[in-house]
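So the structure is just underneath, and the comments pick up after that.
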Amino acid sequence: MSDGDKTPYRAAIFTAIPLEYQAVCAHLTNLREERIQLDTPCERGEFFAGKRQWEVIVVETGAGTTRAATRTAYIIGHFKPQVVLFVGIAGGIKDVKLGDVVVASKVYSYESGRADPHFQSRPEIYQPTRRILQRARAVARKDDWLERLKENFSGPDAAPKVIVAPIASGNLVVASIDAEVLQLVRSHFNDTTAIEMEGSGFLESASLYQEIESLIIRGISDLIENKSETDKQQFQPLAAKRASTFAFEVLANLDIAEQTATTKETPTVAGQQTDHVPPQATSQGEENQTSSLLEEFNSSLPEYIDKVKKIRHSLSQRTGFSTEQYRNALKWLDDIEKHIEQLLHPESLTPMTSMRTLLVAIQKQVRDLKPELEKFRRPFPFIKSPRVRRPKDNEYDHVITLCNILLAGLEQWLH
């Protein structure tokens, strides 16, 4: 992006898989590839709504909350959009039919909780920004978006509905009505209409930026209660098309101020002072200190990754930690957290908002993992006692997933 780029309206639309990416690109003209540091497809195109021209960045994040979070942080920091959308498909849970469109009024991160002895939900809840959600509600009340869709409907009930309701998000593919995670969602979040794999990560990063509008729009491609049958009907392309069409109708009707040279600097991050710092305002000593901290962290990263893999390997054995293994694991995680805290010092990465956001995400992953290790500690390595409760396989699986999420964040930074 050149310094002379003065496009007044800019949006970034994130997708998880190729067919979603293609459905979004179908609405754009003058598409050209954007080469960015992340190993992910990214293109820039134009969208015209009346006299207003939007520049739209399209990104394919891949599946999973962590990949969505890290790529959202990077794209926001790199392109400085006014609006970010996650558009794609989802599995319907209740009150929806195939081909309907769901706008997320909020997102439950269903994997947050404590498994001791049974999983106790402590959900993280993420919300879109109020203005764009209100605009989506207004667009949903009308049928104008169906004209943009250009489909022929045989009857009044054949047209898709737009439902504004909560969704659930996590890193697991839910393929059966008997899946434990589905029972968890239904018992703890019974107003959930759909389930997907990227929304919580996307909104976790987007919510750090107070001045950016954010929203999730999903087309229902399958129904969990009959997934194998609905998958055969190949509803994924149709659901992706409808979700992207509704997204562009929202964008066309969204009233926001033009982007100026001033707002194209670093946006405000919640809880942080991130005004743009001119190069001349930063002392040489601060620059050298930041460079030294980054170099030290980058050089330590392969070792940190290796040690988290050792923790994951110990968990995969299903035998728990010896006292020494437990102490080592906590020390390794403490080392990572302390190093990140140094980098997150207000004077270290203030102008580098996207880097801060990724570090905050990694820091949270470390803090989520540390307390979970306690339940796998063997207090007496050589004595088997019937009084010591043995963790269940699903508890091991849960914490192994936390390790995988942390590894994904560390490896994302490395690349």
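Taken together, the values in this text are just the output of simple stated rules run on the coordinates, not laboratory data. Since the model is a prediction, treat every value here as computed from it, not as a measurement. Cβ: placed from backbone, ideal geometry, glycine included. Neighbour counts: every protein chain shown.
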### Message
Please compare each pair in Lys97/Lys150; Lys106/Lys309; Lys97/Lys392; Lys106/Lys142; Lys241/Lys309 to a cut-off of 28 Å on the Cα-Cα distance and tell me which ones are over it.
### Response
Lys106/Lys309; Lys97/Lys392; Lys241/Lys309
#### Entry: Added length on full extension, which subtracts the Cα-Cα distance from 0.36 nm per residue, Asp191 to Leu19
59.1 nm
### Query
Between Thr29 and Asp306, what is the label-to-label distance in nm when each label sits 7 Å out along the Cα-to-Cβ direction?
5.6 nm
### Message
Starting from the 7 Å offset along Cα-to-Cβ, what nm value, one decimal, do you get for the label separation of Lys94 and Lys142?
### Response
3.3 nm
